[in-house]
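Data block below; observations after.
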Amino acid sequence: MRLFCRKAVVSAACFCMAVFWLAATALPAAAQDARWRITQERWSDADEKAWQDFVAALGGADCWTFDECIKSAANPYRHTDPKTRFYVDCADMPYVLRAYFAWKNGLPFAWQSAMKSSDGPGADIRYSEEGNVIVGRDSVPRAASGVNAISVLHTLVNVVSTAMFRRDATWDEPGMFADTYSPRLDREAIVPGTIAYDVNGHASLVWKVESGGRVLIFSSHPDHSLSRTFLGREFLRTGPQLGSIFQKFRPIEVVGATRAPNGALVGGRIVGARNADIPDFSLEQYQGSPPGSPYGWRTASWVWNGENMDFYTYLRARLSAGELEYHPVAEMKSMMQSICFDLRSRKQAVEISVGRGIQNMSPPDRLPRNIYGTDGVWELYSTPSRDARMKTAFKEMYDLVVEFIKMDMVDAPRLHYEGDNLARDLLAAYEEQNAACSISYRNSDGRTVELSIDRIAHRLYDLSFDPYQCVERRWGAQGEELASCRDGAQKTRWYEAQRYLRNQIDRTYDVDMGYSIAELESGPWGLRTGRGVEQGPDIDVKAYLTGVAQRGAGPRADIANPAGTP
């Protein structure tokens, strides 16, 4: 039996432990008085609403690390904190935020402390094909004097990983209960503070659901930077045994405790609500609609108001305030803004790496066994997972714009557009947001290089995820822009050999990638080879819209059959 009680491996995709560093040697004595006294037996509806508001405020704040957000004006509790730095990874962020909120409000908190893979002995709980089983639990002690809250948060980061989310959504054991449960897919259930778990090894928190049904999420990363985007098809839908996609923290209650004179609860035990007793518990995301077996998820159907949809369109329909409607120009602006957020977050990640001087180090002879799940320098400073998600965002924008044009061609009722040239208006929205998004980097000579979303789109598959390479290559520079790069022949060869990996937008976390330069160069290439793919998908929205706008109405034969549009 393989238990997971501490994190010995750290991965770029947050499979394992993040770094949570407390400036313990610099903490004043007052920090030792940061006591967590539990005064409430359970989380009330008002507490849950306050939790939602807390997460929504942090998600909408102009902060780019977890520590910045906790110390920002968006956090109403910031003035009560000891002098502490909060550094967490994606898997830890939901737990640490929930625990932090519980601490500040005298609420109980408990967590899974050990997991075992359902795949059998020797299996890796980070990648388990059949999910994990809970074999240990812990909780914040109930004591009149309270406990040191910072110590509890530190413990959480040393225990929590994405393996905690990777367990069967049907699990309903009263003793070893799961920390989270599967919610309904509607606006009352999918709210700020809901966890979005990507089985490729990433966890985010929902901070807003737009009226049009788009789900905005934010997450922390191994380099401690924070990113914001919207939930898209990169969040793979799987069977319930892996726990994708949505999870919410399970209601818990302290039973059998006594109350001290100071109001603190003492003793007792933590009981988790059973699935059947949770009002918004549902296996809808696995069963489909109409519901079938959750384990028959591959063949689930998605019907809303008599219309067959794919899962992601169904999700938007269910989360829309009213009927699902597409406002294409507004959607274009929103998608561009989200990509701008991604680029700003990536800029910070690259700056952290360059600031540590990683680009001046000699690279190892081989890539990590898997570039999306590893440890050490690569885990902390590389960006393959982040870049793959960003490429997926570009691809989703391209695909949706193509669908908008198709829908406009047939006057689809779901498309709300009152202009006379959709391609032209989408192009104008693209240019407007491109001009509004300022991205730059400082090159190896210290000069500022200005970029934009459009410039990034034209070099998207040139952006290096390799932290050992110069900053110019991290941003896909070519020609004169590359002249200031100080990479030698070996790093240049590595860059060229990694081209096929940069073309790949799918994160194959279960494929061996530990190749040398020569092995990368020799091929073969393909999604399951671990060497990358020969060509990335088309994401050039501007070129597509320019072509359509120039053709005008044009012959409809050059537009794909729109029968299956959302």
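The values are calculated or read from the model by the stated rules, or taken from the named source; none is laboratory data. Since we're looking at a predicted model, the values are computed, not measured. Cβ coordinates were reconstructed from backbone atoms using ideal geometry, including for glycine residues, and neighbour counts include every protein chain displayed.
What to note about this one:
- Elements of type helices (runs of 4 or more DSSP H) contained in the range 420-525, each with 3 or more residues being charged (D, E, K, R) and touching a helix residue (DSSP H, G or I) at 6+ places or on another chain (Cβ under 6 Å): 471-474
Condition check ((1) farther than 19 Å from residue 240 by Cβ; (2) surrounded by fewer than 24 Cβ atoms within 10 Å (Cβ to Cβ); (3) touching a Phe, Trp or Tyr at 6+ places or on another chain (Cβ under 8 Å)) across all residues:
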{"position": "131", "(1), (2), (3)": "no, no, no"}
{"position": "169", "(1), (2), (3)": "no, no, yes"}
{"position": "187", "(1), (2), (3)": "yes, yes, no"}
{"position": "218", "(1), (2), (3)": "yes, no, yes"}
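- Contacts under 7 angstrom Cβ, first residue in the range 61-77 being farther than 20 Å from residue 351 by Cβ and surrounded by fewer than 21 Cβ atoms within 10 Å (Cβ to Cβ), partner aromatic (Phe, Trp, Tyr) and modelled with pLDDT under 95, 6 or more apart: none
- Count - residues of the range 104-128 that are free of Cβ contacts under 8 Å to residues at least 24 places away in the same chain and not small (Gly, Ala, Ser): 2
- Within the range 344-386, the set of residues being outside any loop (DSSP other than H, G, I, E, B) and either in contact with a Cys (Cβ under 7 Å, 6 or more places away or on another chain) or at positive phi (or both) comprises 359, 376.
- Set side by side, the residues 507, 474 differ, and just one is assigned by TED's automatic domain parsing to the domain that holds residue 410, at pLDDT below 95, of a type in the set (Lys, Arg) and within 30 Å of residue 430 (Cα to Cα), which is 507.
- Scanning the range 504-536 for residues that are more than 22 Å from residue 459 (Cα to Cα) and of a type in the set (Phe, Trp, Tyr) turns up 509, 515.
- Taken as a whole, the structure places residue 193 among residues that are crowded, with 21+ Cβ neighbours inside 10 Å, assigned to a loop (DSSP other than H, G, I, E, B), in contact with a strand residue (DSSP E or B) (Cβ under 9 Å, 6 or more places away or on another chain) and not aromatic (Phe, Trp, Tyr).
- Yes/no for residue 258 being of a type in the set (Val, Ile, Thr) and surrounded by fewer than 19 Cβ atoms within 10 Å (Cβ to Cβ): yes
- Between 61, 102, the distinction of being of a type in the set (Gly, Ala, Ser), assigned to a loop (DSSP other than H, G, I, E, B), assigned by TED's automatic domain parsing to the domain that holds residue 220 and over 12 Å from residue 154 (Cα atoms) belongs to 61 only.
- Residue that is surrounded by the fewest Cβ atoms within 10 Å (Cβ to Cβ) [pool: residues in the range 291-324 that are acidic (Asp, Glu) and over 20 Å from residue 234 (Cα atoms)]: 323
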